[in-house]
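Enquirer: Quick one: structure below, then a few questions.
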There are 2 protein chains.
Amino acid sequence: MVDKLAITGGTHGNELTGVYLVKKWLSSPSLVKRNSFTTLPMLMNEKAIDEVRRYIDCDLNRAFNLNDLLDESLTSYEAKLAKKINSILGPKGVPKPKVDFIVDLHTTTANMGLSIVVSNESKLTWQAISYLCKKEPRLKVYRWQGDEEDAFVDSIATHGFAIEVGAVPQGVLRGDIFLETETLIYHLLDFVEAHNTNTLESLPTEIEIYTHQSLVDYPRQKDGDIMAMVHPDRQDRDFAPIEDGEPLFLTFEGKIIPYEGENLHTLFINEAAYYEKGFAMCLARKETKRIES
Amino acid sequence: MVDKLAITGGTHGNELTGVYLVKKWLSSPSLVKRNSFTTLPMLMNEKAIDEVRRYIDCDLNRAFNLNDLLDESLTSYEAKLAKKINSILGPKGVPKPKVDFIVDLHTTTANMGLSIVVSNESKLTWQAISYLCKKEPRLKVYRWQGDEEDAFVDSIATHGFAIEVGAVPQGVLRGDIFLETETLIYHLLDFVEAHNTNTLESLPTEIEIYTHQSLVDYPRQKDGDIMAMVHPDRQDRDFAPIEDGEPLFLTFEGKIIPYEGENLHTLFINEAAYYEKGFAMCLARKETKRIES
């Protein structure tokens, strides 16, 4: 039973889709109200939203590791904010946090289309995802084991995931992406309502997912500056296969650097926020995920 | 006669095409060397480049108004930087500044393609543009009279313009846009060399340009926050015509706000940096510009 679901936006202050969707639902709560549970729309990093920046001191969506939440020596703006958010939505790790399900709204400058990033393995989370895949066949699912383990906003609750939609620049609100994300949330609320009231239609028994394998950094100089770009043939080809020998990067002098490795798929290609994190794209394996009923 | 030409990049620190092209030419100056004149590649706002931000205190590309350059009471980071740049490239307003021609490299999150923004009416500037239009038929030309008069970087010199290429998110380097911009600069250098040596081939006698008419802001609430998005039917339609009654904005509640006015063309639609400036797009009139020979 889901008693309370949080829709969080503005975890990154320059990803405007979530910011304006949450603002819409804060002023029109009836749009996200369902009978069997409470919905909590919530703006996350209001200072970063005001400044239209991803964060003030450090990435809020890497700040929810349990050790960090308990570490009083961490005093950055986002470390403190994470503790506050954890007290409102969690606390993380208890059997029954204040919210049962978190969907965290993001956008990306990569051409990820409408996608879900999941690192939660709960049965209900996967059922929700399979429901959404049925309602929205273009939806792609990325099972992330990324740069920081178990530190996402949605990790506070027992169930949940992040929605990533792109391509959209930081600081830009696109109407098409706003509308697509909004529709996806209404599907999710319908799912939870049906789950709670035992009126769920049959779900797909398996879905296609992309399971994280590794991160690929840009070729860099000794001082850390990039010395090549994503090759134009690879740009925008998120969720596309890549084979050994295909062009991966192009140096500023025009030399092609090919991909070397097994056949995988490329995701989050050339995301603006990941230059400083040290990766140019993610590599993932396309797999079939069985959904427990 | 052009004795010295400056290629400026990183005027906005999060527009990476210009930053990495200028870095390339600083380390390989022979690529932009021509016999009849000196080329000066120059990084403009290095602090903003380091922080991958448009600016530190205020927009450097609105800081070159002659009154502001002479005003010692202006002490923002960019106001001081503008004075320093003016002493290196100018000074603005003298008959023979240190550089004769400035091409300032920009990108935009709007779908502007490969475009030139010109507010300089010199004969040589227009000849250079007509040459580039011949070499690159996709090139579009926007004659700007915008939010701040005569305050662009390129206004320091007697001749020049800005190159705007998009769509590319802030903080992202795209290979295709890097290569297109680089090629355009080599054409410009060829033009100046031919001009200086009297070997110029015949130029188009007229070109199509888009002349600035007005700025359109987002519908806003009393507190200044936007209350509508660019309508999905208008998004990405830079340099496209717009007629009275066509959808212009979409409110968050789903209400269409139509365009009201004469038939014009829309440019710089939904550029990230212009939310704070208070405009959602520019309106321009398509005209034919005669090129003096």
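The values are calculated or read from the model by the stated rules, or taken from the named source; none is laboratory data. Values in this document were obtained by computation on a predicted structure and should not be read as measured data. Here the Cβ positions follow ideal geometry from the backbone for every residue, glycine too, while neighbour counts run over all protein chains shown.
Enquirer: Filter region B:166-180 for residues that are in contact with a strand residue (DSSP E or B) (Cβ under 6 Å, 6 or more places away or on another chain) and surrounded by fewer than 22 Cβ atoms within 10 Å (Cβ to Cβ); which is farthest from the other protein chains (Cβ to nearest Cβ)?
Expert: For region B:166-180, the residue satisfying everything is B:E180.
Enquirer: Moving on to the next point. Quick one: in region A:139-182, which of the residues that are part of a helix (DSSP H, G or I) and closer than 21 Å to A:E208 by Cα is farthest from the chain's Cα centre (by Cα)?
Expert: Initially, region A:139-182 is screened for residues part of a helix (DSSP H, G or I), giving A:153-156, A:175-182.
Within this subset, residues satisfying the condition of being closer than 21 Å to A:E208 by Cα are A:180-181.
On the way: A:E180: 15, A:T181: 12 Å.
If we take residues in region A:139-182 being part of a helix (DSSP H, G or I) and closer than 21 Å to A:E208 by Cα, then A:E180 is farthest from the chain's Cα centre (by Cα).
Enquirer: Among what's in region A:20-65 and is free of Cβ contacts under 8 Å to residues at least 60 places away in the same chain and among the β-branched types (V, I, T), pick the residue that is nearest to the other protein chains (Cβ to nearest Cβ).
Expert: A:I49
Enquirer: Would you check which residues across region B:254-268 are more than 10 Å from chain A (Cβ to nearest Cβ) and either hydroxyl-bearing (S, T, Y) or part of a loop (DSSP other than H, G, I, E, B) (or both) and list them? Talk me through it step by step, then tell me what you get.
Expert: Residues of region B:254-268 that are more than 10 Å from chain A (Cβ to nearest Cβ), as a first pass: B:255-268.
Hits for region B:254-268 are B:K255, B:Y259, B:E260, B:G261, B:E262, B:N263, B:T266, B:F268.
Enquirer: Shifting gears a bit: Checking B:I88 against (1) closer than 18 Å to B:I156 by Cβ; (2) surrounded by 19 or more Cβ atoms within 10 Å (Cβ to Cβ); (3) of a type in the set (A, V, I, L, M), which test does it fail?
Expert: Status for B:I88: all satisfied but (2).
Enquirer: A:D238: more than 27 Å from B:D50 (Cβ to Cβ), within 14 Å of chain B (Cβ to nearest Cβ), crowded, with 19+ Cβ neighbours inside 10 Å and not aliphatic (A, V, I, L, M), yes or no?
Expert: Working: more than 27 Å from B:D50 (Cβ to Cβ): yes; within 14 Å of chain B (Cβ to nearest Cβ): yes; crowded, with 19+ Cβ neighbours inside 10 Å: yes; not aliphatic (A, V, I, L, M): yes.
So A:D238 passes the test.
Enquirer: Within the bounds of region B:187-198, is there any residue that is β-branched (V, I, T), within 14 Å of chain A (Cβ to nearest Cβ) and within 30 Å of B:Q127 (Cβ to Cβ)? Even if it seems obvious, please write down each step before you answer.
Expert: First, pick out the residues of region B:187-198 that are β-branched (V, I, T): B:192, B:197.
Imposing the further condition that a residue be within 14 Å of chain A (Cβ to nearest Cβ) reduces the set to none.
No: zero hits.
Enquirer: Filter region B:199-226 for residues that are within 13 Å of chain A (Cβ to nearest Cβ) and either buried (at least 17 other Cβ atoms within 10 Å of the Cβ) or β-branched (V, I, T) (or both); which is nearest to B:I163 (Cα to Cα)?
Expert: The selected residue is B:Y218.
Enquirer: Got at least one residue in region B:209-228 being in contact with a Pro (Cβ under 7 Å, 6 or more places away or on another chain), outside the structural domain of B:P97 (by TED's automatic domain parsing), of a type in the set (F, W, Y) and touching a residue at least 24 places away in the same chain (Cβ under 8 Å)?
Expert: Within region B:209-228 (the criterion being in contact with a Pro (Cβ under 7 Å, 6 or more places away or on another chain), outside the structural domain of B:P97 (by TED's automatic domain parsing), of a type in the set (F, W, Y) and touching a residue at least 24 places away in the same chain (Cβ under 8 Å)), the answer is no, since none of the residues qualifies.
Enquirer: Being under 18 Å from A:A82 (Cα atoms), surrounded by fewer than 21 Cβ atoms within 10 Å (Cβ to Cβ) and out of contact with any strand residue (DSSP E or B) (no Cβ under 8 Å at 6 or more places or on another chain) is the filter; apply it to region A:115-162 and report the residue that is modelled with the highest pLDDT.
Expert: A:D150
Enquirer: Going residue by residue through region A:180-198, is there one that turns out to be in contact with a Ser or Thr (Cβ under 7 Å, 6 or more places away or on another chain), under 30 Å from B:R53 (Cβ atoms) and in contact (Cβ under 8 Å) with a residue 24 or more places away in the chain?
Expert: So far as region A:180-198 goes, yes, one or more of its residues are in contact with a Ser or Thr (Cβ under 7 Å, 6 or more places away or on another chain), under 30 Å from B:R53 (Cβ atoms) and in contact (Cβ under 8 Å) with a residue 24 or more places away in the chain.
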